[in-house]
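Here, each number is a calculation from the coordinates, and none is a lab measurement. A quick note: this is a predicted structure, and the numbers were derived from the prediction, not measured. No Cβ is skipped: glycine too gets one built from the backbone with ideal geometry, and neighbour counts run over all protein chains shown.
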């Protein structure tokens with residue numbers, strides 16, 4: 001059976017790293033005997049330049065007819081001064097999240113043994129953290145006002161939104177270390193009071209899962225101090241955005257981290273956690289691993305093929321173990337590989 005994938009490379013390094021993800025997916029399809037049909041579409045700044053909108057109707061139609069969305073990165077300094085109502089991220093990735101009802105963002109942060117030398121934290125054990133970020137509420141989708149002398153953003157949550165992400169976090173924890181940490185600011189924010197209450201109520205249904213709580217300010221410190229303490233972190237949209245980037249950097253580079261955005265039906269959007277990196281776009285040195293690992297998450301969560309997903313993840317680890325490094329994770333004595341070469345190396349190990 002053919003799986004149709006909407007491929008939205010976006011801006012900056014997006015097209016470069018996406019090309020390598022497709023290369024690896026082609027190797028997976030041959031090894032595991034299933035077919036992918038790729039539907040390429042414009043999104044982000046490149047779409048705005050062509051069509052005057054960051055999410056053209058044709059792109060949205062392609063996404064609606066696909067089995068999953070493989071997304072690159074959008075935006076950059078070039079579009080910083082366009083009108084607020086046409087802002088690139090709000091009208092592309094945020095619009096897609098709203099349109100498809102993506103409520104859960106999964107951002108795994110893994111410190112591979114081979115990369116322990118580039119971890120900015122000294123003498124830390126290897127860790128495997130999953131940040132579960134609520135994706136449909138908070139200030140990102142609340143009412144926003146702006147004037148020269150005053151501005152506001154509404155951090156709004158409903159019980160249903162909180163219950164959904166809480167259940168997803170507990171369910172996925174059952175396949176991991178059965179430890180969930182709720183991160184909020186319930187000592188100050190009403191939206192966080194509701195969020196914590198819903199997580200606590202859901203937790204009662206999972207007596208075998210250890211549940212604890214941290215305020216966001218403390219959580220940012222503990223993530224640096226003791227990253228291997230954490231397993232699954234469930235948190236709000238804004239705090240999840242912050243924590244997942246922090247978790248990314250303590251692995252050594254945000255260029256290593258994939259992410260998945262899922263709706264209730266299992267339909268998902270898969271993208272690297274990093275940005276468009278316009279300063280290195282076109283130089284052939286961008287790290288494609290986050291985009292490649294995002295393809296692995298797509299195989300796992302939308303296509304329910306654990307074996308195929310693991311074949312990509314194993315190939316990435318084998319490439320690292322063999323001493324190859326992209327520029328952002330380069331270490332003394334290792335072999336530097338450009339964007340294309342890294343894709344070739346991983347695809348070869350998939351085969």
Looks like the chain, by Cα gyration tensor root eigenvalues a ≥ b ≥ c and the a/c under 1.5 rounded cutoff (else prolate when a/b is bigger than b/c, oblate otherwise), is rounded
Summing -39500 (n - 2.57) over every DSSP H run of at least 4 residues in the chain and dividing by its residue count gives a helix-only mean residue ellipticity at 222 nm, to the nearest 500 deg cm²/dmol, of -12000 deg cm²/dmol
Between residue 122 and residue 188, Cβ-based FRET efficiency (R0 45 Å, step 0.05) works out to 0.85
Stretched fully, the stretch from residue 38 through residue 153 gains (0.36 nm per residue minus C-alpha distance, one decimal, in nm) 37.6 nm
So, with points 7 Å from each Cα along the Cβ direction, the residue 2-residue 98 label distance in nm works out to 3.4
Ranked by GNM mean-square fluctuation in the chain (Cα springs under 10 Å), the top entry among 24, 183, 209 is 209
Restricting to Cα pairs under 8 Å and 6 or more apart, the percent relative contact order of region 120-250 works out to 39
With Cα springs under 10 Å, the Gaussian network model of the chain assigns the largest mean-square fluctuation among 52, 255, 284 to 52
Here FRET efficiency (C-beta to C-beta, residue 249 to residue 176, R₀ 30 Å, nearest 0.05) is 0.85
If the chain between residue 51 and residue 340 were fully extended at 0.36 nm per residue, the gain over the current Cα-Cα distance would be 101.0 nm
Quick calc, residue 222 & residue 317: beta-carbon distance into FRET formula, R0 30 Å, rounding 0.05, result 0.65
The chain, Gaussian network, Cα under 10 Å: of 82, 233, 312, the residue fluctuating most is 82
A chain fully extended from residue 201 to residue 145 at 0.36 nm per residue, minus the present Cα-Cα distance, gains in nm 16.8 nm
With a ≥ b ≥ c from the Cα gyration tensor eigenvalues, square-rooted, and the rule rounded for a/c under 1.5, otherwise prolate when a/b > b/c and oblate otherwise, region 120-250 is oblate
